[in-house]
Amino acid sequence: MKVALFGATGYTGSLLLKLILSHPNIEEVYVFSTTSAGNEVGISSEKIKYGKYLPYENMDDYDFEVVFSALPHLSSSEYYVGLIDDKIIIDLAADLRLNDRNVFEEVYGRLPASQKYIGKSVYGLTEINFEDISKSNLIANPGCYPTVSLLAILPVVREFKSVSNIIINAISGLSGAGKKANVDLLFSERADNVNVYSPGNSHRHHCEIQEKIGKYNNKVSISFNPYLIPVNRGIYSSCTIIFEESTTFDQINQLFNDIYSNKPFINIVPLEKLQLKEVIATNNCNISFSLNGNHLQVFSCIDNLMKGAAGAAIQNFNIRFGLPETTNLPTTNLL
């Protein structure tokens, strides 16, 4: 398999390149860049064609079947939109995630270059959309916050039709903000510090979570509150789900275990075992829960750069090409 990687110099792109290079079913990779074109990639591998970052202007000169795009939101589809009819696209940006053009424009300020394909991609949440991913040539990787949140709450929303409100509090490591110069992200600013940002419904990932939940229940009210904490990577989410139907802890436990029984990256663990360090450098999502009357709290954690981005992209690639979805993806933290 020959693939192209757009945007290999950020945190996600750098990790994705390493996963691509170690993937047994990928023979060649063309690494494209605007700012680094002509420079050595810096990783020694025979799989990297020419060993250099290539300019996008010459894409037609190269023979590849799949595009992984790890470019920023709204920039991503500008580079691959002309390839959609001929290549398999796995986009890690937001350009194809939403199905509603009006919502997209409201949240991101303008429509992407791929606007005519909005609503035509498959949302790449692998544990939910496996079959559709296996047949699609246009796959939209979920955001990291939506991944950790949706895996925690979708089983409950699908099972209990009386769910009315969901409050999501999620803490994230600094790599989730991307690789950019920002005073607020300096070590001296973030150490021994924590803060909420874009709470309620003001974060752009709120609409992504709301839209995907709406497929099963469009009356659920979502409040999403993200926090930055002084760790490098990882997201720990606490979702409070309010519903009217009666249930028991054992029923909830059975629900999650049934839904995720054959999903290799989902682990249902005791609450005291749900720790962020257990999922770092893995493609796992670990989940636990606590029930108090009609208030169910579901806790989940992922590595935002792996299951929340690069690892999910490789998982989507594996599913699309009929490979074991665990191919070249770690399930154990060896750090």
Please state which of the following conditions TYR236 fails to meet, knowing it meets all the rest: (1) closer than 26 Å to ASN141 by Cβ; (2) outside any strand (DSSP E or B). (2)
Looking at the range 255-276, can you tell me whether even one residue there is within 30 Å of PHE6 (Cβ to Cβ) and part of a strand (DSSP E or B)? yes
Can you name every residue in the range 38-65 that is in a loop (DSSP other than H, G, I, E, B) and either closer than 22 Å to LYS87 by Cα or outside the structural domain of ILE88 (by TED's automatic domain parsing) (or both)? LYS47, TYR53, PRO55, TYR62, ASP63, PHE64, GLU65
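Quick test for you: out of TYR227, TYR216, pick the one residue that is in the same structural domain as PRO270 (by TED's automatic domain parsing), in contact (Cβ under 8 Å) with a residue 12 or more places away in the chain and in contact with a helix residue (DSSP H, G or I) (Cβ under 7 Å, 6 or more places away or on another chain).
Details: TYR227 fails: in contact with a helix residue (DSSP H, G or I) (Cβ under 7 Å, 6 or more places away or on another chain).
Going through TYR227, TYR216 in turn, the sole match is TYR216.
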In the range 66-85, which residues are among the aliphatic types (A, V, I, L, M) and assigned to a helix (DSSP H, G or I)? VAL81, LEU83
Tally time: how many residues in the range 124-179 are in a helix (DSSP H, G or I), over 16 Å from the mean Cα position of the chain (by Cα) and crowded, with 19+ Cβ neighbours inside 10 Å? 3
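Could you pull out the residue among ASN257, ASN253, ASN283 that is exposed (fewer than 14 other Cβ atoms within 10 Å of the Cβ), more than 19 Å from ASP132 (Cα to Cα) and modelled with pLDDT of 95 or more?
Working: ASN253 fails: exposed (fewer than 14 other Cβ atoms within 10 Å of the Cβ); ASN283 fails: exposed (fewer than 14 other Cβ atoms within 10 Å of the Cβ).
Checking each option against the conditions leaves just ASN257.
Per-residue answers, yes or no, for (1) closer than 18 Å to ASN267 by Cα; (2) of a type in the set (Ser, Thr, Tyr); (3) touching a residue at least 60 places away in the same chain (Cβ under 8 Å); (4) not in a loop (DSSP other than H, G, I, E, B):
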| position | (1), (2), (3), (4) |
| --- | --- |
| GLN297 | yes, no, no, yes |
| SER300 | yes, yes, yes, yes |
| LYS307 | yes, no, yes, yes |
| THR331 | yes, yes, yes, no |
Is the range 305-318 home to any residue that is surrounded by fewer than 22 Cβ atoms within 10 Å (Cβ to Cβ), of a type in the set (S, T, N, Q) and not assigned by TED's automatic domain parsing to the domain that holds VAL156? yes
Just the residues that are over 13 Å from the mean Cα position of the chain (by Cα), in a loop (DSSP other than H, G, I, E, B) and either of a type in the set (Gly, Ala, Ser) or surrounded by fewer than 24 Cβ atoms within 10 Å (Cβ to Cβ) (or both), please, taken from the range 86-102. ASP86, LYS87, ASN99, ASP100
Pairs returned, first residue in the range 105-122 that is without any contact (Cβ under 8 Å) to a residue 24 or more places away in the chain and closer than 17 Å to ASN141 by Cα, second residue that is among the basic types (Lys, Arg) and not in a loop (DSSP other than H, G, I, E, B), beta-carbon separation under 9 angstrom, 6 or more apart or interchain, are GLN115/ARG101; ILE118/ARG101; GLY119/ARG101; VAL122/LYS135
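The values are calculated or read from the model by the stated rules, or taken from the named source; none is laboratory data. Please read these numbers as outputs of a predicted model, since none were measured by experiment. We place every Cβ from the backbone using ideal geometry, glycine too, and count neighbours over all the protein chains shown.
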